[in-house]
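We did not get these values from a lab; they are worked out from the coordinates using the rules stated. Just so it is clear, the model here is predicted, and its values are computed rather than measured. Cβ: placed from backbone, ideal geometry, glycine included. Neighbour counts: every protein chain shown.
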Amino acid sequence: MPAPTGAPMSLFWRSFLANAAILTAGILVLAFAPIGVRPHARLPEIIDLLIALVLMIAVNWLIARPLFRPLERLARRMQEADVLLAGQRVPVEHSGEVGALERSFNTMMDRLETERRRSGARALRAQEQERERISRGLHDEVGQTMTGVLFQLKRLAQNATPEQRAVLAEAQQTVKTSLDEVRRIAQELRPEILDHLGLASALAGLARGFAARTGIPVRREIAMELPRLDPEVELVLYRVAQEGLTNAARHSEASEILLALDHDPDSVVLRIVDNGRGFDGRRPEGGGLRGIRERALIVGGAEEIKPGPGGGVEVRLEVPAAGRT
């Protein structure tokens with residue numbers, strides 16, 4: 001059908017209407033322009049010419065439409081292309097220039113995905129290095145300073161009056177609470193347990209800390225024996241779990257969250273499922289969910305964010321085991 005009002009007319013319709021106009025003009029010339037001493041065409045001749053015009057326009061449609069349809073499909077795919085969604089290719093079903101365009105599109109998407117993966121990996125490494133630097137600063141500088149303040153308050157309390165001891169005890173408790181918060185932030189910035197005890201233990205600790213902090217129970221189904229994973233893949237899985245739990249706490253109004261980690265010989269699957277209010281009929285595309293997609297692309301994984309089996313939202317990330325990329 002023709003393009004909607006206000007939208008640009010497609011190449012097919014421009015070509016088809018131009019050809020139809022030329023054919024119509026030719027028929028009108030044959031029907032009404034005198035040739036030498038011959039009078040204008042009579043009615044039966046005009047009817048024959050109109051039938052011929054309709055047939056030529058129909059043949060023009062039947063010939064041109066299949067040629068332009070793959071170009072329109074390719075144009076739609078290019079408009080919808082997103083390098084964060086892997087596997088966006090068009091089938092190469094034609095020869096000649098159209099097939100060359102289809103192959104060029106697929107080559108372009110390969111190149112864009114590869115470059116996006118490389119640039120994302122560089123950005124992830126830089127981000128983690130900065131997180132590690134800030135975490136070390138919080139632990140070594142801010143944490144030690146607050147520990148020193150805590151010891152000074154204890155010494156002051158030894159020679160203080162009862163009234164002063166009460167005030168100092170309150171100050172000590174405030175410093176202890178702040179010190180615990182600094183340590184928690186440092187741990188979230190750079191999970192040292194991931195380096196020392198592995199992914200399964202790190203996720204279990206993440207779930208316990210999240211439940212204690214938010215009051216939302218986290219049911220854990222974590223396989224302790226996992227296939228070998230690259231350190232970068234383990235870090236991505238941890239960050240996706242962290243982001244999934246945070247999104248559930250902020251947006252889902254869930255009363256329980258499932259954190260599951262399973263595997264087969266070739267891959268590891270992470271799932272975060274809440275029983276909250278779900279997408280409300282639409283899938284959101286906030287910074288957190290887009291960050292999950294970016295991390296999945298970096299490690300060659302497949303992500304899926306969909307309604308959960310019992311309501312709520314399910315975030316699923318499948319990554320290849322080491323050597324299976």
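May I ask you to derive the FRET efficiency for Asp140 and Arg103 from their Cβ-Cβ distance with R0 = 51 Å, giving the value to the nearest 0.05?
E(calc), rounded to 0.05, equals 0.40.
Pop a pseudo-label 7 angstrom from the Cα along the beta-carbon direction at both Leu197 and Arg228 and give the gap in nm to one decimal.
According to this spin-label approximation, the distance is 2.4 nm.
Can you work out the FRET efficiency for the pair Arg220 and Val182, with r the C-beta to C-beta distance and R0 = 30 Å, to the nearest 0.05?
The value I calculate is 0.70.
Which percent, nearest 5, of DSSP beta bridges in the range 179-325 are antiparallel? Kindly include the intermediate steps, with their values, before the conclusion.
Details: 20 of 26 bridges.
The answer is about 75 percent antiparallel.
Using Stokes-Einstein with the Kirkwood hydrodynamic radius over Cα pairs, what translational diffusion coefficient do you get for the range 199-325 at 10 °C and a viscosity of 1.306 mPa s, in µm²/s rounded to a whole number?
Numbers: Rh = 14.5 Å.
For these conditions, the coefficient is 109 µm²/s.
Taking 30 Å as R0, compute the FRET efficiency from the Cβ-Cβ separation of Val92 and Ala302 and round it to 0.05. Don't skip to the end; give the middle numbers.
Values: r = 23 Å, r/R0 = 0.77.
In this case the efficiency is close to 0.80.
Spelling out what I want: for every residue of the range 139-155, take phi, set θ = phi - 60°, compute 6.51 cos²θ - 1.76 cosθ + 1.60 (Karplus), and round to whole Hz; glycine and proline get x.
Values per residue, Gly and Pro as x: 6, 7, 9, 5, x, 5, 4, 5, 5, x, 4, 5, 5, 5, 5, 5, 5 Hz.
Provide the packing ranking of 98-104, 268-274, i.e. peptides ordered by the mean count of other C-beta atoms within 10 Å per residue, highest first.
268-274, 98-104
Working out 0.36 nm times the residue gap between Arg69 and Asp262, then minus their Cα-Cα distance, what length gain in nm do you get to one decimal?
So the chain would gain 65.1 nm between Arg69 and Asp262.
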